[in-house]
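See structure below.
The values are calculated or read from the model by the stated rules, or taken from the named source; none is laboratory data. The structure displayed is predicted, hence computed values, not measured ones. No Cβ is skipped: glycine too gets one built from the backbone with ideal geometry, and neighbour counts run over all protein chains shown. Areas reflect the complete protein model, heavy atoms only, side chains present, ligands, DNA and RNA absent. Shrake-Rupley method; radii C 1.70, N 1.55, O 1.52, S 1.80 Å.
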Amino acid sequence: MYFIGVDLGGTNIASAIVNEKGEIVNSTIIPTEAQKGPDYVMGNMKREIHKLIDNAAGSKIAGIGLGIPGLVDIDKGMSLFAGNLGWQNIPVLEQFQNEFDIPVCMDNDVRTAALGEKHFGAGVGIDNLICITLGTGIGSGIIIDGKIYRGHSLSAGEIGHITIVKDGLYCNCGNRGCLEMYASAPGIVRRTQKYILEGNNTVITSMVDGDLDKITTKTLSQAWEKGDELAQLVIDETAELLGIGLATFAHL
């Protein structure tokens, strides 16, 4: 018996078939292209699921799970707010239930990751844990007494939106100085570009042929491996900012 999981991210859509042990049998990854709107994105998600089903060669697919970023209402199957996608009050689950003759369920993407760790990864045998994910955004899933904790407003665990810089950069959520604006992948790139524009010497400039828009976190990592001082500065700062956020979370 197999299951299909789809992780919708701000940058990529990752899909996979897994067995009952949680082992990945087949997987795909495509760009999200969120700027083209929710219908386009969900259309691509459906096509990836169909590809996986076709490649399963008739094997029994028992269910489909969707990991959706941001605030979600799992009872109504709604994406209430996903800042990095530009989604608000999007009916997600119904579209997939109408498309597939297989049970479909959805939850926040990081909560699904936390459940994965609880049952198959670092959290096996642990009933109280926090799972943090770093990517286009920064999120967390909280498990207390073996159960996912969502909070009264379904927004528990939004660590990416705790304020770490007073009067800092504006965030998609409407707040200022959010951790996500500084320590997510786009935040890391943004800080790197800022330091370069301020005149700091770095091998990163030559690595991207002077086009700062080509900088990625992978570029930064490669520069760090070369011993680049600016890359080291940005990574050290990122670790410190994440440390502040995680320490706050642990105390709470």
Open item on the list: Take the residues in the stretch 20-71 that are over 18 Å from the mean Cα position of the chain (by Cα) and of a type in the set (Val, Ile, Thr); name whichever of them is nearest to residue 151 (Cα to Cα).
Closed with: 64
Task: Matching residues, the stretch 1-31, being assigned to a strand (DSSP E or B), touching a residue at least 40 places away in the same chain (Cβ under 8 Å) and closer than 13 Å to residue 45 by Cα - done: 4, 5, 6, 7, 8
Task: Tally, over the stretch 196-217, of residues that are under 26 Å from the mean Cα position of the chain (by Cα) and either of a type in the set (Val, Ile, Thr) or open to solvent by 40 Å² or more (accessible area, probe 1.4 Å) (or both) - done: 7
Task: Odd one out for residue 192, checked against (1) polar (S, T, N, Q); (2) modelled with pLDDT of 95 or more; (3) touching a strand residue (DSSP E or B) at 6+ places or on another chain (Cβ under 9 Å) - done: (3)
Open item on the list: For the stretch 170-187, check the following and say yes or no: at least one residue is closer than 17 Å to residue 79 by Cα and open to solvent by 30 Å² or more (accessible area, probe 1.4 Å).
Closed with: yes
Task: Number of the exception - residue 99 against (1) open to solvent by 20 Å² or more (accessible area, probe 1.4 Å); (2) closer than 30 Å to residue 241 by Cα - done: (2)
Open item on the list: Are there strands (runs of 3 or more DSSP E) fully within the stretch 35-112 with at least 1 residues that are polar (S, T, N, Q)? List them.
Closed with: 78-82, 87-91, 104-108
- [ ] Would you mention how many residues in the stretch 134-148 are in contact with an Asp or Glu (Cβ under 8 Å, 6 or more places away or on another chain), under 22 Å from residue 63 (Cβ atoms) and buried (at least 20 other Cβ atoms within 10 Å of the Cβ)?
- [x] 1
Open item on the list: When you check residue 151 against the structure, is it without any contact (Cβ under 8 Å) to a residue 12 or more places away in the chain and open to solvent by less than 40 Å² (accessible area, probe 1.4 Å), yes or no?
Closed with: yes
- [ ] Kindly check whether there is at least one residue in the stretch 105-114 that is over 17 Å from residue 180 (Cβ atoms), free of Cβ contacts under 8 Å to residues at least 24 places away in the same chain and surrounded by fewer than 20 Cβ atoms within 10 Å (Cβ to Cβ).
- [x] no
TODO: Being at pLDDT 95 or above and open to solvent by less than 70 Å² (accessible area, probe 1.4 Å) narrows it down to one of 247, 239, so name that one.
DONE: 239
